[in-house]
1. Using beta carbons and a limit of 6 Å, which pairs, at least six apart or on different chains, have the first residue in the range 52-64 and among the polar types (S, T, N, Q) and the second one surrounded by fewer than 17 Cβ atoms within 10 Å (Cβ to Cβ)?
2. Scan the range 1-58 residue by residue and report those that are modelled with pLDDT under 75, within 25 Å of ALA69 (Cα to Cα) and among the β-branched types (Val, Ile, Thr).
Amino acid sequence: MVSFDPTKAYNDLPPLPPRAELESRAVLKACIEAVLHGTEMSFEDALRLEGSLFAMTCGTEDIKEGMTAFLEKRDAAFKGR
């Protein structure tokens, strides 16, 4: 099972380019995890890893904020939670 704590995402990532700073660091962390570890396993296992990471990010405040901001046609205010 994959261990991922979105509350630690802000501390675990290196500095990001200016555009990426506008995105949820918790989701960026999950993407990086999927790429780095997914390339070291079979395709089927990589898909399971990606699915697990995606499912973990669905419960974050940032995902809810992103979806709400999209529906309200405004910029999201991510908090890394």
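1. Close Cβ pairs satisfying both conditions: SER52/VAL2.
2. Across the range 1-58, the qualifying residue is only THR7.
The values are calculated or read from the model by the stated rules, or taken from the named source; none is laboratory data. What you see is a predicted model; the values in this text were computed from it and never measured. All Cβ positions, even for glycine, are placed from backbone atoms using ideal geometry, and neighbour counts span all protein chains on display.
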